[in-house]
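This report refers to the structure that appears directly beneath it.
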Amino acid sequence: MNEQERHNRAVMLRRVRSVWLEGVLEESLHGGQIIDLGFAHRPAALGNSGVPSWQQAPEYDLLLPVGTKIEDVFAAAGRVLLVLGEPGAGKTTMLLQLVSHLMAAAEADETCPMPAVFSLAAYTNGRSLTQWLVEQLANNYEVPRKLGERWIDAGQFIPLLDGLDEVDPAHRPACAEAINEFRARHPNVALLVTARNRDYQALATRLHMDKAIILQPLSPEQIDTYLARRGKKLDGLRASLAADRTLRELAQTPLMLSIMTLAANRPPESGSAALGDGLLSRSHLFDVYVERMARYRGKNMSYSPSDTISWLSWLAKQMTRALKPTFFLEDMQPSWLPADAGRRFARSSRWMVFGLLAAAALPPVFILLLFGRWGAAGALLLIGLLAAAVPTLSGRFLLRGRLPFGRIETVESLGWSWPWAALGFGIGALVGLGLGALAAWLDRWTNTPWLALLPVAGATLTMIENALLRGELRLRTTPGQGVAQSRRNGLMVLGMVAAVVLVLGGAAVAVAAVVGRGALVPAAAWLLWLSLYLGVGSGLSFGLLAYLQHRRLRAILHDRGSFPADAAGFLNLAAERNLLRKVGGGYTFVHALLLDYFNERP
């Protein structure tokens, strides 16, 4: 392994540790110790086991010894394992415990493969798992595609696929087939898949893995030991569990036990729900949990508990509708508005683009008016308005520069090709020269040096059209990073295009003035308009429009009471209160059950 390979490996390990271990596992639901889970082999869950599927009842499970570690189960399964469990049984926490163990091994020995967690909720039909993994490595871990392909082929990383049940039901069978195909093509690559037991049983396609296990409910001894370790203040909860069978059954999953612990540890304000009244349900427990966590750390009451619950309910509904397990600020779209408001948003975006492009004509028109060139000023204003109308109506600036009015498309990274830049510059200059000759023949009164201006404009346009490319999505490490990067990219492109047109156009106009083939005042006015128009249009196409639309959408949602103005601040506070979990630059609910709870609230 050479130095470059070691560097790539070290960067990948740092990203996995930062996002999944420090960002997720250490910010677990209750912030306390992790409960040791019980496991049982379930051979009938596999499509290649030869065991009939009807033997998936619990009585056919093969219990593993109490205290067995997940890393030992994974190793005994030949590092190819399917993990099943009920909602809240601890699948994701167990997965991250395994990540911690695999990370330690990979950091100590460079021959050990690197673990990487992938949320299967992002899978869509029509792609092989290899293609999807390469794409996810590029998008979520900033791994170049060719390097990702080499790592997969060489078995240098372990795909840990979380949440087969979270795949769109229409795509779930195709996802299972893709996993089986991947196993057949890469038999030496370690692999782990998690799924909710009920959803997996309903799936017609069975996975071809080496082993399958199902997480076991917590035993009464495990529950009592866990509560006893946390002190006498939980004696009331222990008594309630002993007296209430319904409560005892709910406590068999780590998530619900954590919720009960938090609810019991943080006394409610007067009138709040209490534990152990014999009328508890999962919804009731979440009511207690959410109400108390919304008031937790009460010194910071920037957001009232009622607003916190309302905004999180709205967010959960949008995430569920969009099938997104992780929320990024960049995910907010006009489609999250009611239909009529969405149409108004698109119209306002269109008018905003028209206004910005039309405004590019105002400074040069003012210059012409100062010098008494009324006719030239009128002509420039008319052409400026027509030029602003074309992108506004077509939704495009140039051929590839999209201006989506009803959707926000961030531009988070840009690529540049010098060969294509040179080719585009040359072709554009030739086309501009031809148009300049035509314009000079038609315009025999203003003495404007079109043969100098239009080749520069054409060369700049085709250069940008061919050489500047929207790059692939990169890892977001801070909230709103994609929106901020879109603003920076848009302003950078605006400034670059305007500067190129001004510098090259200024040189061309100066040459034309020396040879006596152009008037300086109209030439300067038209050059200023071209630089502003092309700069603003290119900037809007490459990120600036997305930034302006995002700010407008946030303002509308705030005015409607759907979401706070300081979205990042609110989301961070919700994460501090264990309602959300921060994952890189995004947020997830601390568990899918909590997402379901908020989604079902009126």
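Find the helices (runs of 4 or more DSSP H) located wholly in region 485-602 whose residues include 3 or more that are under 22 Å from Ala322 (Cβ atoms), and list them.
Numbers: elements: 520-539, 545-560, 567-576, 592-600.
Because the criterion is at least 3 residues that are under 22 Å from Ala322 (Cβ atoms), the helices (runs of 4 or more DSSP H) in region 485-602 that meet it are 545-560, 567-576, 592-600.
Going through Ala440, Ala376 one at a time, which residue ends up being in the same structural domain as Gly539 (by TED's automatic domain parsing), modelled with pLDDT of 85 or more and either more than 21 Å from Val493 (Cα to Cα) or assigned to a strand (DSSP E or B) (or both)? Every option except Ala376 fails the conditions.
When Val583 is tested against the conditions (1) in contact with a strand residue (DSSP E or B) (Cβ under 7 Å, 6 or more places away or on another chain); (2) not polar (S, T, N, Q); (3) not assigned by TED's automatic domain parsing to the domain that holds Phe405, the lone failure is (1). Scanning region 145-186 for residues that are without any contact (Cβ under 8 Å) to a residue 40 or more places away in the chain and either of a type in the set (Gly, Ala, Ser) or outside the structural domain of Gly85 (by TED's automatic domain parsing) (or both) yields Gly148, Ala154, Ala176, Ala184.
Highlighted here are the helices (runs of 4 or more DSSP H) found entirely within region 68-185 that include at least 2 residues which are hydroxyl-bearing (Ser, Thr, Tyr), buried (at least 16 other Cβ atoms within 10 Å of the Cβ) and at pLDDT below 90: 91-108. Checked against (1) under 22 Å from Asp165 (Cβ atoms); (2) out of contact with any strand residue (DSSP E or B) (no Cβ under 6 Å at 6 or more places or on another chain), Leu120 passes all but condition (2).
Considering region 208-247, and only residues there that are under 38 Å from the mean Cα position of the chain (by Cα) and of a type in the set (Lys, Arg), the residue that is surrounded by the most Cβ atoms within 10 Å (Cβ to Cβ) turns out to be Lys211.
Conditions tested, residue by residue: (1) more than 30 Å from Val583 (Cβ to Cβ); (2) among the basic types (Lys, Arg); (3) more than 32 Å from the chain's Cα centre (by Cα); (4) modelled with pLDDT of 75 or more.
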site	(1), (2), (3), (4)
Leu25	no, no, no, no
Ser28	no, no, no, no
Ala44	yes, no, yes, yes
Gln56	yes, no, yes, no
Pro65	yes, no, yes, yes
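Of all residues in region 395-417, those that are modelled with pLDDT under 85 and closer than 29 Å to Ala452 by Cβ total 6. Residue check: Ala565 meets all listed conditions (1) more than 18 Å from the chain's Cα centre (by Cα); (2) in contact (Cβ under 8 Å) with a residue 60 or more places away in the chain but one, namely (2). Taking first residues from region 214-235 that are at pLDDT below 85 and partners that are in a helix (DSSP H, G or I) and not small (Gly, Ala, Ser), the Cβ contacts under 6 Å between residues at least 6 apart in sequence or on separate chains come to Leu234/Leu227.
Suppose we filter region 187-207 for residues that are in contact (Cβ under 8 Å) with a residue 12 or more places away in the chain, surrounded by fewer than 17 Cβ atoms within 10 Å (Cβ to Cβ) and either outside the structural domain of Val66 (by TED's automatic domain parsing) or assigned to a loop (DSSP other than H, G, I, E, B) (or both); how many remain?
The initial filter retains those residues of region 187-207 that are in contact (Cβ under 8 Å) with a residue 12 or more places away in the chain, namely 188-201, 203-207.
If we keep only those that are surrounded by fewer than 17 Cβ atoms within 10 Å (Cβ to Cβ) as well, we get 188, 198, 201, 204-205.
If we keep only those that are either outside the structural domain of Val66 (by TED's automatic domain parsing) or assigned to a loop (DSSP other than H, G, I, E, B) (or both) as well, we get 188, 204-205.
Summing the residues that are in contact (Cβ under 8 Å) with a residue 12 or more places away in the chain, surrounded by fewer than 17 Cβ atoms within 10 Å (Cβ to Cβ) and either outside the structural domain of Val66 (by TED's automatic domain parsing) or assigned to a loop (DSSP other than H, G, I, E, B) (or both) in region 187-207 gives 3.
Among the residues of region 339-348, at least one is of a type in the set (Asp, Glu) and more than 30 Å from Arg581 (Cβ to Cβ).
Phe397 meets the conditions (1) crowded, with 20+ Cβ neighbours inside 10 Å; (2) aromatic (Phe, Trp, Tyr); (3) assigned by TED's automatic domain parsing to the domain that holds Asp443; (4) more than 24 Å from Val483 (Cα to Cα) in every case but one. The failed one is (4).
Hey, does region 51-58 have a residue that's small (Gly, Ala, Ser), surrounded by 15 or more Cβ atoms within 10 Å (Cβ to Cβ) and not in a loop (DSSP other than H, G, I, E, B)? No: region 51-58 contains no residue that is small (Gly, Ala, Ser), surrounded by 15 or more Cβ atoms within 10 Å (Cβ to Cβ) and not in a loop (DSSP other than H, G, I, E, B). Restricting the first member to region 239-251 and to residues that are closer than 11 Å to Ile223 by Cβ, and the second to residues that are modelled with pLDDT under 80 and not in a helix (DSSP H, G or I), the beta-carbon pairs closer than 7 Å and six or more apart or on different chains are Leu247/Gly276; Leu247/Leu280; Leu250/Leu280.
Determine if region 344-353 includes at least one residue that is among the β-branched types (Val, Ile, Thr), outside any loop (DSSP other than H, G, I, E, B) and either at pLDDT 95 or above or surrounded by 17 or more Cβ atoms within 10 Å (Cβ to Cβ) (or both). Show your work before the answer.
Pass one, region 344-353, residues among the β-branched types (Val, Ile, Thr): 353.
Within this subset, residues satisfying the condition of being outside any loop (DSSP other than H, G, I, E, B) are 353.
Narrowing the set further to residues that are either at pLDDT 95 or above or surrounded by 17 or more Cβ atoms within 10 Å (Cβ to Cβ) (or both) leaves 353.
Yes, some residue in region 344-353 is among the β-branched types (Val, Ile, Thr), outside any loop (DSSP other than H, G, I, E, B) and either at pLDDT 95 or above or surrounded by 17 or more Cβ atoms within 10 Å (Cβ to Cβ) (or both).
Step by step: first the residues of region 103-121, then only those that are touching a residue at least 40 places away in the same chain (Cβ under 8 Å) and of a type in the set (A, V, I, L, M, F, W, C), then the one that is nearest to Asn139 (Cα to Cα). Which residue is that?
Initially, region 103-121 is screened for residues touching a residue at least 40 places away in the same chain (Cβ under 8 Å), giving 103, 106-107, 110, 113-121.
The next check asks that each one be of a type in the set (A, V, I, L, M, F, W, C); those that pass are 103, 106, 114, 116-118, 120-121.
Numbers: Met103: 21, Ala106: 22, Met114: 17, Ala116: 13, Val117: 13, Phe118: 11, Leu120: 14, Ala121: 15 Å.
Here the residue is Phe118.
Applying the selection to region 145-159, what residues are over 20 Å from Thr205 (Cβ atoms) and touching a Phe, Trp or Tyr at 6+ places or on another chain (Cβ under 8 Å)? Listed by number, the residues that qualify are Trp151, Phe157. Of the residues making up region 555-591, just one is surrounded by fewer than 19 Cβ atoms within 10 Å (Cβ to Cβ) and on the phi > 0 side of the Ramachandran plot, namely Gly561.
The values are calculated or read from the model by the stated rules, or taken from the named source; none is laboratory data. The model shown is predicted, which means the values in this text are computed figures rather than measured ones. No Cβ is skipped: glycine too gets one built from the backbone with ideal geometry, and neighbour counts run over all protein chains shown.
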